[in-house]
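Q: Can you keep this structure in mind? I'll have questions shortly.
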Amino acid sequence: MENFVVSARKYRPATFDTVVGQSSITTTLKNAIRNNHLAQAFLFCGPRGVGKTTCARILAKTINCTNLTAETEACDQCDSCVSFKNGQSLNVYELDAASNNSVDDIRSLVDQVRFAPQLGQYKVYIIDEVHMLSQAAFNAFLKTLEEPPRHAIFILATTERHKILPTILSRCQIFNFNRIQVDDIAGHLAFIAKSENVTAEPDALHVIAQKADGALRDACSIFDQVVTFAGNNVSYKSVIENLNILDYDYYFSMMDNVLKEDIPNALLIYNEVLNNGFDGHVFVAGLAEHLRNLLVCKDPATLQLLEAGQNIREKYKSQSERAALPLLMRALGLVNRCDVAYKSARNPRLQVEFMLMQLCSLNSNSGDAEKKNDTIIPRRKKSGDETQQQEAAPLTAQPENKTTVQQPVNPVQQPVQQPVANTAPVGTRKLTSMGSINAFKQGNAAKEKEQAAGETISITDLNQPQQPFTAEALQQCWTGFTDELKNQGLASVLRMNKPELQENYAVQFLVANAAAEEQLNSIKPDLLAFLRTRLNNKAIMLTIMVNKAEAGRKMFTDQEKYKRMAELNPEIEKLRKAFDLTLD
């Protein structure tokens with residue numbers, strides 16, 4: 001029975017030109033050999049299976065070849081090349097640092113460096129997984145690596161460059177190997193299939209290349225496994241069946257149902273995926289990748305980012321033409337949120353199914369935001385000199401008088417009568433059970449709260465009511481909000497000082513410290529919306545600042561605290577005298 005040799009070894013590159021996906025590195029090494037600019041030490045870094053050790057062996061063989069070709073490649077015919085090919089070369093010494101990482105191993109290596117090569121010009125030392133060396137071994141290796149004999153060249157290979165000492169890095173010429181592209185891996189697999197008389201579909205080879213994740217050695221191993229499963233006819237179906245990969249057709253069918261808003265069939269497809277033994281999280285990740293590929297196909301400039309076979313590319317282009325860009329962006333956001341919440345969900349299946357139902361409803365819900373902006377805040381215009389009025393939240397039953405008084409010229413000094421429904425003292429008008437602060441917030445537009453938080457006035461609001469008001473009206477409205485506030489801690493902070501009315505309807509409120517400022521900022525949008533609505537003025541701007549004069553002041557005694565409280569509320573002093581209370 002003939003011994004089987006895996007494809008990764010049988011078709012391992014033997015020359016620089018046959019190295020896959022590392023053309024910049026091989027070109028640099030060939031030029032260094034041609035111009036006699038070889039460094040004394042090389043460090044090859046990169047992920048697994050990208051050709052680090054392979055390039056090290058090719059470099060060791062090429063620099064000792066006595067009959068280089070015009071392309072700076074080894075001839076494979078001289079004594080040095082033949083001995084290297086047969087594994088009998090005494091000029092190449094390979095050390096596995098994973099199992100030989102002690103100081104004694106490095107000392108033994110240093111002792112061998114002193115001997116000149118028997119055949120050829122250089123003696124090459126290849127140390128694989130060099131990051132596994134111990135700290136003491138690295139230190140023992142430093143001097144030899146910095147000043148080796150003229151005939152010695154060191155080639156270090158590692159997958160974890162960050163674990164190597166900076167003193168080692170500074171003594172080496174560093175080459176960073178990249179992950180091999182999917183197209184390059186697929187092309188190499190096609191060459192292997194042709195050499196082995198295996199018929200392989202291009203889409204099948206692309207799936208294998210994607211599964212390898214940039215490692216050519218892994219791709220060759222997967223290819224051997226699929227050939228063992230499917231024989232000499234490797235098809236797309238045989239690959240996804242053997243590797244347990246979700247078929248592209250599931251995602252294409254799912255997106256067709258999303259575009260048709262067909263929720264039942266979308267749920268049935270997901271149920272079929274689960275029945276075939278696939279994990280729901282894998283399906284969600286694959287759907288996100290599918291949406292990303294559809295977005296990539298939207299622009300010819302980004303089409304090169306799509307890693308798929310030609311037939312799959314055509315399917316992606318066809319479906320992307322039927323899917324609008326805004327829909328794909330919203331769909332990708334929904335899938336991403338589901339991906340994040342999947343592991344923490346008590347019912348993962350329901351989480352995915354709810355996401356699918358949302359995807360199928362994207363077209364129906366696309367205009368909801370615009371409709372809400374038109375219906376949440378009804379407005380009306382009055383003819384003549386009458387002002388515009390925004391309808392406030394429902395109050396207790398009161399007769400409505402629509403008679404208004406002409407606005408004065410000075411907006412600060414002279415009070416103006418409001419409509420009867422709105423001019424009752426703010427502190428005495430109590431909201432009904434549904435008219436608390438929370439109900440008041442629901443009666444205002446979300447757009448108003450966002451504007452209040454950012455303290456900006458849009459162009460549209462320039463045409464909105466700007467009813468003048470006095471400082472007394474402001475204080476009444478401020479007290480009304482404080483009385484209705486459920487959080488008594490925040491209410492007490494609001495009662496500490498009075499709001500100051502400044503020019504251009506600017507309102508400033510000073511607090512004692514940064515903690516109080518942070519607390520009030522949490523309700524600032526609601527407070528500002530309340531003031532604007534009750535005072536019928538969209539130009540009100542609210543600023544909450546720390547009073548620097550009192551920020552550093554602290555009250556250390558109970559007497560000082562009581563004195564401060566009595567200044568703010570004289571009723572406390574009356575209460576103390578009525579009950580004949582004293583301060584201890």
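Q: Please verify whether the stretch 189-209 includes one or more residues that are farther than 22 Å from residue 49 by Cα, open to solvent by less than 60 Å² (accessible area, probe 1.4 Å) and more than 35 Å from the chain's Cα centre (by Cα).
A: Among the residues of the stretch 189-209, at least one is farther than 22 Å from residue 49 by Cα, open to solvent by less than 60 Å² (accessible area, probe 1.4 Å) and more than 35 Å from the chain's Cα centre (by Cα), which makes the answer yes.
Q: So residue 142 fits all but one of (1) at pLDDT 85 or above; (2) open to solvent by 80 Å² or more (accessible area, probe 1.4 Å); what number is the exception?
A: Here residue 142 meets the rest and fails (2).
Q: Test residue 285 against the stated conditions and say whether it is among the hydrophobic types (A, V, I, L, M, F, W, C) and surrounded by 14 or more Cβ atoms within 10 Å (Cβ to Cβ).
A: yes
Q: Which residues, taken from the stretch 266-286, are closer than 19 Å to residue 338 by Cβ, without any contact (Cβ under 8 Å) to a residue 40 or more places away in the chain and assigned to a helix (DSSP H, G or I)?
A: The answer is 268, 269, 271, 272, 273, 282.
Q: Further question on the same structure: Among the residues of the stretch 545-572, write down those that are at pLDDT 80 or above and in a loop (DSSP other than H, G, I, E, B).
A: Once the filter is applied, which keeps residues that are at pLDDT 80 or above and in a loop (DSSP other than H, G, I, E, B), the stretch 545-572 yields 569, 570.
Q: Any idea which of 120, 46 is in contact (Cβ under 8 Å) with a residue 24 or more places away in the chain, closer than 30 Å to residue 10 by Cα, open to solvent by less than 20 Å² (accessible area, probe 1.4 Å) and not hydrophobic (A, V, I, L, M, F, W, C)?
A: Answer to the selection: 46.
Q: Give the stretch 321-340 a look and list any residue that's part of a helix (DSSP H, G or I) and open to solvent by less than 30 Å² (accessible area, probe 1.4 Å), or say none.
A: Passing the criteria: 327, 328, 331, 333, 334, 335, 338.
Q: Next question, about the same structure. Among the residues of the stretch 487-516, how many are surrounded by fewer than 18 Cβ atoms within 10 Å (Cβ to Cβ) and assigned to a helix (DSSP H, G or I)?
A: Summing the residues that are surrounded by fewer than 18 Cβ atoms within 10 Å (Cβ to Cβ) and assigned to a helix (DSSP H, G or I) in the stretch 487-516 gives 10.
Q: Considering (1) more than 25 Å from residue 243 (Cβ to Cβ); (2) not in a helix (DSSP H, G or I), say which one residue 318 fails and leave the rest.
A: Failing condition for residue 318: (2).
Q: For residues that are in a loop (DSSP other than H, G, I, E, B), open to solvent by 30 Å² or more (accessible area, probe 1.4 Å) and within 18 Å of residue 65 (Cβ to Cβ), tally how many sit in the stretch 16-37.
A: 3
Q: Identify the residue in the stretch 61-74 that is crowded, with 22+ Cβ neighbours inside 10 Å and among the polar types (S, T, N, Q) and, among all such residues, is farthest from the chain's Cα centre (by Cα).
A: Checking each candidate, the answer is 64.
Q: Condition first: open to solvent by less than 50 Å² (accessible area, probe 1.4 Å) and either more than 17 Å from residue 523 (Cβ to Cβ) or touching a Pro at 6+ places or on another chain (Cβ under 7 Å) (or both). Now tell me which residues in the stretch 472-486 satisfy that.
A: 473, 474, 478, listed by residue number.
Q: Also: All but one of (1) surrounded by fewer than 16 Cβ atoms within 10 Å (Cβ to Cβ); (2) at pLDDT 85 or above; (3) not in a helix (DSSP H, G or I) hold for residue 542; which doesn't?
A: Exception for residue 542: condition (1).
Q: Which condition from (1) open to solvent by 10 Å² or more (accessible area, probe 1.4 Å); (2) within 21 Å of residue 129 (Cα to Cα); (3) among the β-branched types (Val, Ile, Thr) is the one that residue 58 breaks?
A: Answer for residue 58: the failing condition is (1).
Q: Can you pull out every residue in the stretch 145-161 that is of a type outside the set (Asp, Glu), more than 22 Å from residue 54 (Cα to Cα) and open to solvent by 30 Å² or more (accessible area, probe 1.4 Å)?
A: 149, 150
Q: I'd like the full set of residues that are open to solvent by less than 50 Å² (accessible area, probe 1.4 Å) and more than 26 Å from the chain's Cα centre (by Cα), limited to the stretch 300-312.
A: 309, 312
Q: Go through the stretch 214-265 and report how many residues are without any contact (Cβ under 8 Å) to a residue 60 or more places away in the chain and of a type in the set (Asp, Glu).
A: Number of matching residues: 3.
Q: If I ask for residues that are over 15 Å from residue 145 (Cβ atoms), small (Gly, Ala, Ser), open to solvent by less than 50 Å² (accessible area, probe 1.4 Å) and within 52 Å of the chain's Cα centre (by Cα), which ones from the stretch 75-97 would you list?
A: 89
Q: Also, I was wondering about something else. Check off (1) farther than 16 Å from residue 544 by Cβ; (2) under 43 Å from the mean Cα position of the chain (by Cα); (3) of a type in the set (A, V, I, L, M) for residue 520 and give me the number that stays unchecked.
A: (1)
Q: On to the next question. Taking only pairs six or more apart or across chains, which ones have beta-carbon atoms under 6 Å, a first residue in the stretch 331-354 that is farther than 18 Å from residue 267 by Cα, and a second residue that is among the polar types (S, T, N, Q) and surrounded by 14 or more Cβ atoms within 10 Å (Cβ to Cβ)?
A: 345/351
Q: Also: Report, ordered by the first and then the second residue, all pairs with beta carbons closer than 7 Å, sequence separation of six or more or different chains, a first member in the stretch 552-565 that is within 14 Å of residue 496 (Cβ to Cβ) and open to solvent by 70 Å² or more (accessible area, probe 1.4 Å), and a second member that is aliphatic (A, V, I, L, M) and at pLDDT 70 or above.
A: Pairs that qualify, where the first residue is within 14 Å of residue 496 (Cβ to Cβ) and open to solvent by 70 Å² or more (accessible area, probe 1.4 Å) and the partner is aliphatic (A, V, I, L, M) and at pLDDT 70 or above, are 565/572.
Matching residues to (1) β-branched (Val, Ile, Thr); (2) at pLDDT 90 or above; (3) under 27 Å from residue 363 (Cα atoms); (4) out of contact with any helix residue (DSSP H, G or I) (no Cβ under 7 Å at 6 or more places or on another chain):
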position: 231; (1), (2), (3), (4): no, no, no, yes
position: 236; (1), (2), (3), (4): no, no, no, no
position: 239; (1), (2), (3), (4): yes, no, no, no
position: 247; (1), (2), (3), (4): no, no, yes, no
position: 273; (1), (2), (3), (4): yes, no, yes, no
position: 277; (1), (2), (3), (4): no, no, no, yes
position: 300; (1), (2), (3), (4): no, no, yes, yes
position: 309; (1), (2), (3), (4): no, no, no, no
position: 313; (1), (2), (3), (4): no, no, yes, yes
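Q: Taking residue 362, is it open to solvent by less than 30 Å² (accessible area, probe 1.4 Å), of a type outside the set (Phe, Trp, Tyr), closer than 14 Å to residue 255 by Cα and modelled with pLDDT under 85?
A: Criteria met by residue 362.
Q: Only one of 216, 243, 169 is open to solvent by less than 30 Å² (accessible area, probe 1.4 Å) and under 27 Å from residue 32 (Cα atoms); which?
A: 216
Q: Now a separate question. So is residue 575 at pLDDT 80 or above and part of a helix (DSSP H, G or I) or not?
A: In short, yes.
The values are calculated or read from the model by the stated rules, or taken from the named source; none is laboratory data. Since the structure is predicted, the reported quantities are computational estimates derived from the model, not experimental observations. Neighbour counts are summed over all protein chains in view; Cβ atoms, including those assigned to glycine, are modelled from backbone coordinates with ideal geometry. Areas reflect the complete protein model, heavy atoms only, side chains present, ligands, DNA and RNA absent. Shrake-Rupley method; radii C 1.70, N 1.55, O 1.52, S 1.80 Å.
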